[in-house]
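Laboratory data are not the source of any read-out in this text; all were calculated from the coordinates shown. As the structure is a prediction and not an experimental result, all values here were calculated from the model. Heads up, the Cβs are rebuilt from the backbone with ideal geometry, glycines too, and the neighbour counts pull from every protein chain shown.
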Amino acid sequence: MRPGFTLLEMLISTVLLSLVLLGLYGALNMQQNSTRHLRAYLDKALEADRGVMVLYRDILQSNGKVTITNGEFDRLCLDTTTHTLHTPTTAKVCWVVAKEGQVLLRIEGGDFHLPLRSSEGVEIDAVMRPMALFDVQKDKQNVLVALQKVGDEPFVFLVQGIEPPPKKAKKPKKPKKPKKPKKPKKPKKPSKTPPGKASTSGKGPAKGASDTQEKAPAE
């Protein structure tokens, strides 16, 4: 008969197997932790990339009427954009950083105002947090955006060809009607008084004329 394992051999085998299993468990746990951290990093990166892409498309598909309010964190408002997340056609979109938590918010709705009123129905999405930088600059046809989360590298992009909407053409003025020519004044009628016998005043004939008229029948 073949002799069996002794108690000492069984104990040694059990200890060795436990050490191997502990090593495998540690390696597996380390792999899971690294996978979890990598997934969280990728999710954050994808979230940031997604937010940047949404902001880029909002500006690119806007009507060019861009309002920027400078401050510690800039505020960007687009009067109308066709890139919408909650409305079917067009919407007004504003990007602001909330003071509490430094959260970058995207506000979409109709004709709303900032600060928001209770009666205005809008959709608010939290895009990034916490923010270290949100700066927007604009010239005639270009919009430059720089944004950065705390502890991450900044994102900087330029949107070109953003032209403001054309101004409404003024209605042509109606031509003025030509003025009617004034009628020429009628010349004054000459006085019937014979020359040399003009009256000295407008009240009656001169004395010489009355004397002549009285003496005429005597001849």
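Are any of the pairs K92/K140; K44/K65; K99/K138 more than 29 Å apart by Cα-Cα distance, and if so, which?
Working: K92/K140 21 Å; K44/K65 31 Å; K99/K138 24 Å.
Listed pairs above 29 Å: K44/K65.
Which order results if L147, L158, L7 are arranged by neighbouring Cβ count within 10 Å, fewest first? It would help to have the intermediate numbers written out before the result.
Numbers: L147 26, L158 10, L7 7.
Lowest count first: L7, L158, L147.
Pull out the extension gain between H86 and H113, defined as 0.36 nm times the separation in residues minus the alpha carbon to alpha carbon distance; nm, one decimal.
Details: separation 27, 0.36 × 27 = 9.72 nm, distance 1.79 nm.
Length difference between fully extended and current span is 7.9 nm.
Say each of R57 and D125 gets a label point 7 Å from the Cα, pointing the same way as Cα to Cβ; how far apart are those two points in nm?
Modelled inter-label distance: 0.8 nm.
Return a whole-number percent for the relative contact order of the range 46-160, with Cα pairs under 8 Å and 6 or more residues apart as the contact set. All intermediate terms of the calculation are to be shown ahead of the outcome.
Working: 227 pairs, mean separation 21.1, N = 115.
The value is 18 percent.
Arrange E100, E47 by Cβ neighbour counts within 10 Å, fewest through most, would you?
On the way: E100 5, E47 15.
The fewest-first ordering by Cβ neighbours comes to E100, E47.
Just subtract the alpha-carbon distance of D43 and L8 from 0.36 nm times their residue separation and send over the number in nm, one decimal. Mind dumping the intermediate values first?
Working: separation 35, 0.36 × 35 = 12.60 nm, distance 5.23 nm.
So the chain would gain 7.4 nm between D43 and L8.
Among I124, I59, I107, I12, which comes first, then next, by fewest other beta-carbon atoms within 10 Å?
Details: I124 15, I59 23, I107 19, I12 12.
Placing the least packed residue first, the sequence is I12, I124, I107, I59.
Evaluate the distance, in nm, between pseudo-label points positioned 7 Å from the Cα of V20 and of D152 along their respective Cα→Cβ axes.
4.5 nm
How long is the gain from Q32 to T69 if the chain were fully straight, where each residue apart is worth 0.36 nm and the alpha carbon distance is subtracted?
Details: separation 37, 0.36 × 37 = 13.32 nm, distance 4.56 nm.
8.8 nm is the gain from fully extending Q32 to T69.
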